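All of the numbers you see were taken from the coordinates with simple rules; none came from a lab. Bear in mind that the values here come from a model prediction, so they are computed numbers and not experimental data. Methodologically, a virtual Cβ is constructed for each residue, glycine included, from the backbone with ideal geometry; neighbour enumeration extends over all protein chains shown.
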Amino acid sequence: MLSPGQKAPSITLLDQDGNKVALSSFAGRPVLVYFYPKADTPGCTQQSCGLRDIAKKIGDVAIVGISPDAVAKQKKFADKYDLPFPLLADTEHVVAERYGVWKEKSMYGRKYMGIERSAFLVDAKGKLQEVWYKISPKDTPANLLKAIGK
């Protein structure tokens, strides 16, 4: 598991428009990287729309969402809810593994691998400022606002 003060693992994935997005492209400004299990499901919609709703209140803090969904599904999700930030397709869960959020999960007695909803605030120098594993959808925007003093 990652902790504050560590260098944030690198990210280079395609966004909902098929553009390559790298964490390093946000150098010089803070960025919230949040992981969600599946686009357009109730919890992921609540989390993403909550972040959309505070986007104008967070100054120069960038927001980047990541899930194992394909580019086309990310595009549909972003368009449906007018999400103004990149949603990255981690279909091979490479980045999720780097961040320690690709976990064994269980539902109705069935075990499977998937994303553990988590968020990471990366500072302007690329270091982890805050780390929230197992975060609830509604707490993601609230925790971000608190961490940046808003």
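Exceeding 26 Å between C-alpha atoms, which entries from my cross-link table qualify? They are K73/K125; K80/K105; K7/K150; K57/K134. Each step should come with its number before you reach the end.
Working: K73/K125 31 Å; K80/K105 28 Å; K7/K150 24 Å; K57/K134 24 Å.
Among K73/K125; K80/K105; K7/K150; K57/K134, the Cα-Cα distance tops 26 Å for K73/K125; K80/K105.
Report, in deg cm²/dmol and to the nearest 500, the calculated mean residue ellipticity at 222 nm for the chain, where each DSSP H run with n ≥ 4 adds -39500 (n - 2.57) and the sum is divided by the residue count. Write down the numbers at each step before the final one.
Numbers: 4 runs with 38 residues, N = 150.
Calculated mean residue ellipticity at 222 nm is -7500 deg cm²/dmol.
Taking the beta-carbon count within 10 Å as an exposure proxy, list C44, C49 from fewest neighbours to most.
Values: C44 23, C49 14.
Result, fewest neighbours first: C49, C44.
Separation between the A124 and S24 pseudo-spin-labels, each 7 Å from Cα along Cα→Cβ, expressed in nm?
2.1 nm
Within a Cβ distance under 12 Å of A39, other residues only, what is the Lys/Arg minus Asp/Glu net charge? Don't jump to the answer; show the numbers that get you there.
On the way: positive: K38, K73, K75, K76, K80; negative: D40, D69, D79, D90.
Counting the neighbours of A39, the net charge comes to +1.
Find how much the distance from D82 to M113 grows on full extension, using 0.36 nm per residue of separation minus their present alpha carbon separation; answer in nm with one decimal. Can you show the working numbers first?
Numbers: separation 31, 0.36 × 31 = 11.16 nm, distance 2.89 nm.
Full extension from D82 to M113 adds 8.3 nm.
Aspartates and glutamates near K75 by alpha-carbon distance under 15 Å, same-chain residues fewer than 8 away left out - which ones?
Within the straight-line limit of under 15 Å, K75 reaches these aspartates and glutamates: D15, D17, D40, D90.
Please provide three numbers in whole Å: the alpha-carbon extents of the stretch 68-150 along the principal axes, with the largest listed first.
For the stretch 68-150, the Cα extents along the three principal axes come out at 41, 28, 25 Å.
What order do you get for Y34, Y112, Y99 when you list them from fewest to most C-beta neighbours inside 10 Å? Let's see the in-between values first.
Values: Y34 26, Y112 9, Y99 23.
Ascending number of Cβ neighbours within 10 Å: Y112, Y99, Y34.
Quote the relative contact order of the stretch 1-132 in percent (integer), defining contacts as alpha-carbon pairs under 8 Å separated by 6+ residues. Kindly include the intermediate steps, with their values, before the conclusion.
Working: 256 pairs, mean separation 47.7, N = 132.
Relative contact order of the stretch 1-132: 36 percent.
Got a sec? How would D139, D82 order by Cβ neighbour count within 10 Å, fewest to most?
Details: D139 16, D82 8.
Going from least to most buried by this count: D82, D139.
So if we plug the beta-carbon distance of K103 and L145 into 1/(1 + (r/R0)^6) with R0 = 35 Å, what FRET efficiency do we get, rounded to 0.05? Present the calculation step by step, with values, prior to reporting the outcome.
Details: r = 27 Å, r/R0 = 0.76.
Using R0 = 35 Å, I get an efficiency of 0.85.
At 4 °C and a viscosity of 1.567 mPa s, what translational diffusion coefficient does Stokes-Einstein give for the chain, taking Rh as the Kirkwood radius over Cα pairs? Give it in µm²/s as a whole number. Working shown, then result.
On the way: Rh = 15.2 Å.
The estimated diffusion coefficient comes to 85 µm²/s.
Could you name the aspartates and glutamates whose alpha carbon sits less than 13 Å from that of K146, not counting residues in the same chain fewer than 8 places away?
Correct list for K146: E130.
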